[in-house]
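Have a look at the structure below before the remarks.
The values are calculated or read from the model by the stated rules, or taken from the named source; none is laboratory data. This one's a predicted model, so the numbers in the text were calculated from it and none came from an experiment. Note that each Cβ is placed from the backbone with ideal geometry, even for glycine, and that neighbours are counted across all protein chains shown.
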Amino acid sequence: MAQNKYDIFISYRRQGGAQYARILQLMLIQRGYKVFLDYDELTDGIFSDHIKAAIKDAPVFMIVLSDHSMDRCVNEDDWVRQEILMASRLGKHIVPVNPDNKFDGFPEGVPEEIKTAAGSHQHSEISFGQALGVTTDLMIKNRLVDKLGARTALGHKDEDYDAARETLARIDKRNRFMKRMTIAGVIAALLIVLGTCWLFWKKGLQKDTIEQQRIELQDLRAELEKKYSDYLLVLDTALTRIQMETIDDILSKMVPVGDQFYMSQFEFTQGQWHGLDGDTIDPVMRDVPITGISMGNIRMKLIWLHDMTNVSFTLPSPDQWEYAARGGENKETTTYVGSNDPDSVAWYEHNSGNALHPSNGQQELFPNFLDLFDMSGNASELCNISGGDIYCCGGNYTSPASEVTATSRKVVDPNNLDQTVGFRVIIEMNTTN
């Protein structure tokens, strides 16, 4: 048993089950077990080799039966369905976990083999509250020790849900690769100007109005920090409503690219660029990509955004950009990003009308496998330095089809204010969960 790379494979439905799976993984690791958990945006499709290998290797197959987790198992290409069927056919020791006793059962159309595998075994009811440690230890004693043997805890053991979440937050913060260029004088000047303007505005209002607005902003700040706690979001207390709503807009459109980084679903827009300054623009132009900005100004804006949020944003490298364009681990092989037909995914010289188009997913174009839009065409996208050069990728609305492919890149002058060149941002993450 000690030769196995993993003791336990955890299968879960990301929507509604991810928070339970990560906490469960942490609790088991702290108690000495080796646990596989693929914390990616798993979608229907090809069953990957690394998932198959992990299921084969782990003696125990644990299923997180969250609310509605079995609904999509009626689909033959559903990832969770494939995992359960493989574990059942390999004769794995199956341990269903019913988080807080909220599992709602199997819908019609789910194969009997899955119902037998996930339904005929006694459910372990883990309480994700004050009794988290106790119920986890009870499950280990009753369901795992006979199969895997007793283990020695690794030292610190969390005993309740809040403590476990704090541990995960510390792990994520420690492992996140921080990229930040310091332009101390410029940032200090900008913060002084921002603070002075905010104080001047505040003094011009009546006291009761100021207090009401302060409460509203405080509530919004708390709401956003809770909503984006996975990013360890900490908002500057001087931010305006427009700035916080802009930050909400940016973070809500970040999608995971494997276990390497999050990438913005859309090109950075004029509304986002000016919204970080606390300004609003014409709604017609709000979702149009921001272009004609120097690399220096982009980096300065991203450093300022970090100071606002405690989240490190950066530009992707050319290789990261192409990896995302190819669908990450899905390794799409289409000529253009998301399709072999440029007219279905790209604004380029043939169909753009020689103009930028809104990057908001509301046009008639389609995204790639990761739900990333406009990586072919519309605005070319600046990337970080690679081999001493600055590249832009993906081509733009004036480019021929041959220059809006998933591999299109060219060297550019970072100081050239090109109206066809914009950017999108990433947030790098640790490579293990």
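Any chance you could count how many residues in segment 313-332 are buried (at least 19 other Cβ atoms within 10 Å of the Cβ), more than 9 Å from residue 368 (Cβ to Cβ) and within 16 Å of the chain's Cα centre (by Cα)?
Number of matching residues: 8.
Kindly list the number of the only condition in (1) surrounded by 14 or more Cβ atoms within 10 Å (Cβ to Cβ); (2) closer than 21 Å to residue 18 by Cβ; (3) modelled with pLDDT of 90 or more that fails for residue 118.
Residue 118 satisfies every listed condition except (3).
State yes or no: is residue 124 modelled with pLDDT under 90 and closer than 15 Å to residue 60 by Cα?
yes
Can you confirm whether residue 379 is touching a helix residue (DSSP H, G or I) at 6+ places or on another chain (Cβ under 9 Å), modelled with pLDDT of 95 or more and not basic (Lys, Arg)?
no
Could you look through segment 150-204, keep only residues that are polar (S, T, N, Q) and modelled with pLDDT of 80 or more, and pick out the one that is nearest to residue 240 (Cα to Cα)?
167
Filter segment 373-391 down to the residues that are in contact (Cβ under 8 Å) with a residue 24 or more places away in the chain and charged (D, E, K, R) and list them by number.
Matches in segment 373-391: 374, 381.
I'm trying to understand the selection: among the residues of segment 76-111, which are surrounded by 17 or more Cβ atoms within 10 Å (Cβ to Cβ) and either among the charged types (D, E, K, R) or not assigned by TED's automatic domain parsing to the domain that holds residue 16 (or both)?
If the condition is that a residue be surrounded by 17 or more Cβ atoms within 10 Å (Cβ to Cβ) and either among the charged types (D, E, K, R) or not assigned by TED's automatic domain parsing to the domain that holds residue 16 (or both), then 78, 81, 83, 92 are the ones that fit.
Where residues in segment 1-39 are outside any helix (DSSP H, G or I) and in contact with an Asp or Glu (Cβ under 6 Å, 6 or more places away or on another chain), which of them is nearest to residue 155 (Cα to Cα)?
Among those that are outside any helix (DSSP H, G or I) and in contact with an Asp or Glu (Cβ under 6 Å, 6 or more places away or on another chain), it is 33.
Which of the residues belonging to segment 229-275 are of a type in the set (A, V, I, L, M, F, W, C) and under 14 Å from the mean Cα position of the chain (by Cα)?
232, 233, 250, 251, 254, 255, 257, 261, 263, 266
For residues that are of a type in the set (A, V, I, L, M) and under 22 Å from residue 256 (Cβ atoms), scanning just segment 333-354, find the one that is surrounded by the fewest Cβ atoms within 10 Å (Cβ to Cβ).
Result: 345.
Could you say whether any residue in segment 407-430 is of a type in the set (D, E, K, R), within 20 Å of the chain's Cα centre (by Cα), more than 16 Å from residue 346 (Cα to Cα) and surrounded by fewer than 24 Cβ atoms within 10 Å (Cβ to Cβ)?
Yes; the residues of segment 407-430 include at least one that is of a type in the set (D, E, K, R), within 20 Å of the chain's Cα centre (by Cα), more than 16 Å from residue 346 (Cα to Cα) and surrounded by fewer than 24 Cβ atoms within 10 Å (Cβ to Cβ).
Looking at (1) modelled with pLDDT under 95; (2) more than 19 Å from the chain's Cα centre (by Cα); (3) surrounded by 17 or more Cβ atoms within 10 Å (Cβ to Cβ), which is the only condition residue 283 fails?
The single condition residue 283 does not satisfy is (3).
So which helices (runs of 4 or more DSSP H) stay within segment 262-312 end to end and still have 3 or more residues that are under 23 Å from residue 347 (Cβ atoms)?
270-275, 283-286
Consider segment 261-275. How many of its residues are surrounded by fewer than 20 Cβ atoms within 10 Å (Cβ to Cβ) and touching a Ser or Thr at 6+ places or on another chain (Cβ under 8 Å)?
Residues in segment 261-275 being surrounded by fewer than 20 Cβ atoms within 10 Å (Cβ to Cβ) and touching a Ser or Thr at 6+ places or on another chain (Cβ under 8 Å): 1 in total.
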